[in-house]
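The values are calculated or read from the model by the stated rules, or taken from the named source; none is laboratory data. This is a predicted model, so every value here is computed, not measured. All Cβ positions, glycine included, derive from the backbone under ideal geometry; neighbour counts span all protein chains shown. Keep in mind that these areas ignore ligands, DNA and RNA; they rest on the heavy atoms of the full protein, side chains included. Shrake-Rupley method; radii C 1.70, N 1.55, O 1.52, S 1.80 Å.
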Amino acid sequence: MAPKDILCLLSIFIALILVITWVVVYRLFFSPLSKFPGPKLAAATQLYELYFDVVKGGQFLWEVERMHREYGPVVRINPFEVHIMDPDYYDTLYAGSIRRRDKDPWFSFIGLPKSTFSTAPHGLHRLRRNALNRFFSKQSIQDFEPTMHEKLELLSEHLCRTMKRNSVLDLHSAYLCFAADTVSTYSFGPSGCFGYLDNSCLTDDWKKKVNSVFEHLILVRHIPPLLHIGRNFPLLASLLVPKFSYINAAETQIRATVRKIYDMSEDAESKSAGCILPTIAASSKVSTEEKDLRRMTDEATFLMVAGTDAPSQVLAITMFYILRNTEVYWKLRNELETAFPEPLETMSWNKLERIDYLSAIVKEGLRISAVVTTRLPRIAPDETLVYGKWRIPAGTPVSMSNHFILRDENIFPNALEFTPERWMTVENRRSLERYLVPFSKGSQSCLGQNMTYAWLFLALGMSIRRFEFELAGTSDDNIKIVRDCFNGQTVPGLNNINVRITRKLF
Ligand code: HEM
């Protein structure tokens, strides 16, 4: 190498060092967040977070918890973001539509930039959310209830067959088959149903696909080009990261289904009335830009992945606690038998909701499972957020974590114990419900709340009223969340809630 070239390289190197030094000095001493408490290394570089998430595998959430123990309720967790650990601040941060809140574009990156979830600017987010809103009202979900009953009947037949074979069943996979068929039918219309329940056996195909998406989400958030490489060179990506083949298969499956909707015949279109994508695609109120195939594919992918994994996990985890706790089990079973003397009768959501003990179990299941572990940063673009003596400058990403609120010992004593009784009195419910935040709150909270509640009532009701189960080699380790991959994950390989079906009650 010529001396001129060496000199040139050296100058670039020195310039780089100077820039990095300046950035670090700025972040530590001159940034508007420089006075906030927290580890200096975390304030200086995002590599701190990357280390805990990527190298140590989804551990940053617990590092944030440790920081709060050391520094108090307000912590600067990275160069740009402040995290607050105080359940009473939740309603201020996750405020309704009057107080403007934007999402943090970096954090909302999940490789689906045009989905409502990933849309950062408040106005565009509102436009996209409005297009989806009507499909998720309680009335719309009730109108869709007959389809959910059809899917549950198919699931019930599978449970019968599993019992006859005396084989072990993973409840998470089973409920995921139900969820995937239900959301795909609601999103794409009957012809777009994924048909997992129509197969002769329940499989873990959808579970492998959604789990792979979540397992790699954190990696993709920190190193976005990986996703582009994976999408453009799927074979290579699958060779390097075998689980990428599942992600690729899921995306291909969804993309092909969305494409079919855009080529739908009029006959198929009329059979899909009321279903999300066909209705939006045919609507004159939605602009051509918003109906764009790419955008709708992102939207559908988010619905199919986020809308199936979390509720199935909650269902399976709640079943685990019911089966492990004889008192809870028999109390629920007696109440169901009283309300529905005939096991095969259709159990309506409306009637199930009126069983107080089941309602308490549903709430406790949502609370204790706390499956969405990701923090959810919000930006108040034109408001200085005030917390105690701290004034957080407008435009700063500020986050809280539902996972910690749902398991806060001061609010829910013995938080890691499954105690439906805590929801049984009106006074308790009144004081606790504001902290039941699995879906987050405010103008960007989960759209699928009614759908989730319907599933929890219907699927738990059907399972317990019609079958007897016993846990098969399933322990606390199979439900213990030890990794934050947006949704919480167990130790790799332990994500099974295995049961045997010992008897049917009809
Ligand atoms: C146990 C079940 C579920 C849990 C715990 C859950 C939780 C969440 C959370 C925490 C968010 C982020 C909210 C925020 O940023 O403030 C979210 C967003 C979302 N969820 Fe769910 N979810 C569940 C089920 C579903 C279902 C069944 C669907 C639909 C089929 C769904 C659709 C959505 C959508 C569309 C968003 C984006 C909302 C927006 O950005 O405006 N979710 N969910």
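Order the following by accessible area, largest value first: VAL362, VAL55, VAL168. Probe radius 1.4 Å; ligands, DNA and RNA are ignored.
Working: VAL362 5, VAL55 100, VAL168 70 Å².
Ranked from most to least accessible, the order is VAL55, VAL168, VAL362.
With axes computed from alpha carbons, what is the tilt in degrees of helix 122-133 against the longest principal axis of the chain, rounded to the nearest 10 within 0 to 90?
Around 10 degrees separate the two axes.
Which order do peptides 313-325, 26-38, 172-184 fall in by mean Cβ count within 10 Å, highest first? It would help to have the intermediate numbers written out before the result.
Values: 313-325: 22.8, 26-38: 15.0, 172-184: 26.2.
Order by mean packing, descending: 172-184, 313-325, 26-38.
Between LEU385 and residues 5 or more places away or on another chain, which pairs have amide H atoms under 5 Å apart, with H built 1.01 Å from N, and which residues are they?
Amide H neighbours of LEU385, under 5 Å, 5+ apart: ILE392, ALA394.
Give the angle, between 0 and 90 degrees and rounded to the nearest 10, that separates the Cα long axis of helix 356-369 from the longest principal axis of the Cα atoms of the chain.
Once rounded, one gets 30 degrees.
Could the peptides 394-400, 334-340 be put in order, highest first, of the mean number of other beta-carbon atoms found within 10 Å of their residues?
Working: 394-400: 19.3, 334-340: 15.9.
The packing order, highest mean first, is 394-400, 334-340.
To the nearest µm²/s, what D does Stokes-Einstein give for the chain at 25 °C and 0.890 mPa s, using the Kirkwood radius over alpha carbon pairs as Rh? Don't skip to the answer; put the middle values down first.
On the way: Rh = 24.4 Å.
The calculation lands on 101 µm²/s.
Could you tell me which trypsin sites (Lys or Arg not before Pro) in the stretch 360-398 are loop residues by DSSP with no more than 11 other beta carbons within 10 angstrom of their beta carbon? Write down the numbers at each step before the final one.
Values: sites: LYS363, ARG367, ARG375, ARG378, LYS389, ARG391; in loops: ARG375, LYS389.
In loop regions of the stretch 360-398 (DSSP not H, G, I, E or B), the sparsely surrounded trypsin sites (Lys or Arg not before Pro) are LYS389.
Apply the Karplus curve 6.51 cos²θ - 1.76 cosθ + 1.60, θ = phi - 60°, to the phi angles in the stretch 109-116 and return the couplings in whole Hz, x for Gly and Pro.
Values, residue by residue: 6, 10, x, 10, x, 9, 6, 4 Hz.
Which value, in debye to the nearest 20, describes the size of the charge dipole of the stretch 1-85 about its Cα centre when Lys and Arg Cβ atoms bear +1, Asp and Glu Cβ atoms bear -1, and nothing else is charged? Before the final figure, lay out each step's value.
On the way: 8 positive and 7 negative charges, 46 e Å.
With only Lys, Arg, Asp and Glu charged at Cβ, the dipole is about 220 debye.
In degrees, nearest 10, range 0 to 90: what is the angle between the Cα axis of helix 145-165 and the longest Cα principal axis of the chain?
80 degrees
Using just the helices of the chain, give the 222 nm mean residue ellipticity in deg cm²/dmol: DSSP H runs with n ≥ 4 each add -39,500 (n - 2.57), and the total is spread over all residues, rounded to 500.
Numbers: 23 runs with 269 residues, N = 506.
Theoretical 222 nm ellipticity from helices: -16500 deg cm²/dmol.
Give me the percent relative contact order of the chain, please, defined on Cα pairs under 8 angstrom at least 6 residues apart.
That works out to 20 percent.
Give the dimensionless ratio obtained when the Cα radius of gyration of the stretch 401-449 is divided by 2.2 N^0.38 Å. Walk me through the intermediate numbers first.
On the way: Rg = 11.6 Å, N = 49, 2.2 N^0.38 = 9.7 Å.
Taking the Cα Rg and dividing by 2.2 N^0.38 Å, one obtains 1.20.
Given labels modelled 7 Å from the Cα in the Cβ direction, how far is it in nm from LYS480 to PHE30?
4.8 nm
Could you derive backbone 3J(HN,Hα) for the stretch 51-68 from the dihedral phi with the Karplus parameters 6.51, -1.76 and 1.60 (θ = phi - 60°), listing whole Hz in sequence and x where the residue is Gly or Pro?
3J(HN,Hα) across the stretch 51-68, in whole Hz: 4, 5, 7, 8, 6, 8, x, x, 9, 5, 3, 6, 5, 4, 4, 4, 4, 5.
Any chance you could run the full-extension gain for ARG165 through LEU132? It's 0.36 nm times the residue separation minus the Cα-Cα distance, nm to one decimal.
7.7 nm
Rounded to a whole number, what is D in µm²/s for the stretch 1-85 from Stokes-Einstein with the Kirkwood radius over alpha-carbon pairs (37 °C, 0.692 mPa s)? Working shown, then result.
Working: Rh = 14.5 Å.
Stokes-Einstein gives a translational diffusion coefficient of 227 µm²/s.
So how much slack lies between ASN325 and GLU153, counting 0.36 nm per residue of separation and subtracting their Cα-Cα distance, in nm?
Result: 59.3 nm gained on full extension.
Could you sort the peptides 481-490, 138-147 by per-residue average Cβ neighbour count (10 Å cutoff), highest mean leading?
On the way: 481-490: 21.1, 138-147: 14.5.
Taking the mean over residues of other Cβ atoms within 10 Å, the ranking is 481-490, 138-147.
Using modelled amide H (1.01 Å from N, peptide plane; none on Pro or chain starts), what sits under 5 Å from the amide H of ILE497, excluding residues fewer than 5 places away?
Close amide H contacts, sequence-distant or interchain: LEU171, HIS172, SER173.
Considering the alpha-carbon set of the stretch 188-299 alone, what are its Rg and its Dmax in angstrom?
For the stretch 188-299, the Cα radius of gyration and maximum Cα-Cα distance read 16.3, 45 Å.
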